[in-house]
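See below for the structure under consideration.
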């Protein structure tokens, strides 16, 4: 049997860390990071595992990115991120 576990980035691994919430009945959230440079790495983690890794990033720019899920969340859905 394969056990899936959630991996979190090490503390202080990123210049900017935080949380983003996709609110109920929505399919995305825009995260503003204001690094003024497009990040090489964006590391979001699904806090509630509601979407079990079935999410993706779009519109990664020097100041923001979107976290997108395939269908509207039933409740507020939290992602931690690091850039």
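Where a number appears in this text, it was derived from the coordinates with a stated rule and is not lab data. Everything numeric in this text was worked out from a predicted model, so none of it was measured. All Cβ positions, even for glycine, are placed from backbone atoms using ideal geometry, and neighbour counts span all protein chains on display.
Taking label positions 7 Å along the Cα-Cβ direction at both residue 37 and residue 57, the computed distance is 1.5 nm, reported to one decimal. Per-residue packing, averaged as other Cβ atoms within 10 Å, sorts the ranges 23-29, 34-40 into the order 23-29, 34-40, beginning with the highest. List the relative contact order of the stretch 17-82 as a percent without decimals, with contacts defined as Cα pairs under 8 Å and 6+ residues apart. Normalised by residue count, the contact order of the stretch 17-82 is 53 percent.
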